[in-house]
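The values are calculated or read from the model by the stated rules, or taken from the named source; none is laboratory data. On a predicted model such as this, the values are computed, not experimentally measured, just so you know. All Cβ positions, glycine included, derive from the backbone under ideal geometry; neighbour counts span all protein chains shown. Ligands, DNA and RNA are stripped out before the accessible areas are found, and what is left, the full protein with its side chains, is counted by its heavy atoms. Shrake-Rupley method; radii C 1.70, N 1.55, O 1.52, S 1.80 Å.
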Amino acid sequence: MKISQKYLDICTTDSKVDILEGTTAAGKTTTIMSTKFLYMVKHTKEKRHLIVAKDLGTVVSNIVATGTCGIVDNFPEIQANINGSAEQPLAHLKWGDDIIYLAGYDDASKWKKILGKQLGAVAVDEINIANMDFIRE
């Protein structure tokens with residue numbers, strides 16, 4: 001994957017929170033979600049993580065499997081379980097020992113199932129339109 005120096009700097013800088021603002025199709029979601037987020041996943045002691053967007057379909061189409069720059073496009077060793085699995089009924093990605101839950105903030109019945117879990121890395125796509133109840137939790 002080719003990545004600009006600016007995005008490489010963002011991806012390799014340790015920070016507790018990253019807020020990205022820019023034009024549509026600038027690569028914020030695909031670059032940061034598929035590189036920095038996974039860097040954070042591997043550099044935390046926690047084994048459970050979360051990616052959330054407007055709905056599960058948006059998480060899958062914009063972040064997980066875009067066809068060119070999604071997480072599973074660039075990291076084929078990551079197993080996508082969009083319908084869940086016997087061990088983990090929630091939508092998730094499996095990467096070695098790490099589980100990355102996938103949820104939409106529009107469906108409280110789904111994201112409330114994640115509440116109470118100790119999470120390492122969390123990525124919220126388009127937080128400016130997120131359900132305020134989700135943000136408060």
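Key figures
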| quantity | calculated |
| --- | --- |
| Residue check, G22 over 14 Å from the mean Cα position of the chain (by Cα) and open to solvent by less than 30 Å² (accessible area, probe 1.4 Å) | no |
| Sole exception among (1) modelled with pLDDT of 90 or more; (2) among the acidic types (D, E); (3) more than 20 Å from M132 (Cα to Cα) for D55, by number | (3) |
| Given (1) of a type outside the set (V, I, T); (2) open to solvent by less than 50 Å² (accessible area, probe 1.4 Å); (3) touching a helix residue (DSSP H, G or I) at 6+ places or on another chain (Cβ under 9 Å), index of the condition Y39 fails | (2) |
| Residue tally, condition out of contact with any Lys or Arg (no Cβ under 6 Å at 6 or more places or on another chain), surrounded by 14 or more Cβ atoms within 10 Å (Cβ to Cβ) and in a loop (DSSP other than H, G, I, E, B), over region 114-137 | 6 |
| Filter result for the condition that a residue is open to solvent by less than 100 Å² (accessible area, probe 1.4 Å), at pLDDT below 90 and of a type in the set (D, E), over D107, D98 | D107 |
| Hits in region 58-67 (condition: open to solvent by 40 Å² or more (accessible area, probe 1.4 Å) and touching a residue at least 12 places away in the same chain (Cβ under 8 Å)) | N62, A65, T66 |
| Pairs, first at negative phi in region 87-116, second of a type in the set (S, T, N, Q) and not in a strand (DSSP E or B), C-beta under 7 Å, six or more apart | A91/N83; I99/Q88; G104/T58; Y105/N131; D106/N131 |
| Matching strands (runs of 3 or more DSSP E) fully within region 1-105 where at least 1 residues are within 17 Å of K117 (Cβ to Cβ) and aromatic (F, W, Y) | 92-95, 98-104 |
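One line per residue, one yes/no per condition, for (1) among the aliphatic types (A, V, I, L, M); (2) open to solvent by 40 Å² or more (accessible area, probe 1.4 Å); (3) touching a helix residue (DSSP H, G or I) at 6+ places or on another chain (Cβ under 8 Å); (4) under 19 Å from N128 (Cβ atoms):
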{"residue": "T13", "(1), (2), (3), (4)": "no, yes, no, no"}
{"residue": "T44", "(1), (2), (3), (4)": "no, yes, no, no"}
{"residue": "Q79", "(1), (2), (3), (4)": "no, yes, no, no"}
{"residue": "I82", "(1), (2), (3), (4)": "yes, yes, yes, no"}
{"residue": "A86", "(1), (2), (3), (4)": "yes, yes, no, no"}
{"residue": "A91", "(1), (2), (3), (4)": "yes, no, yes, no"}
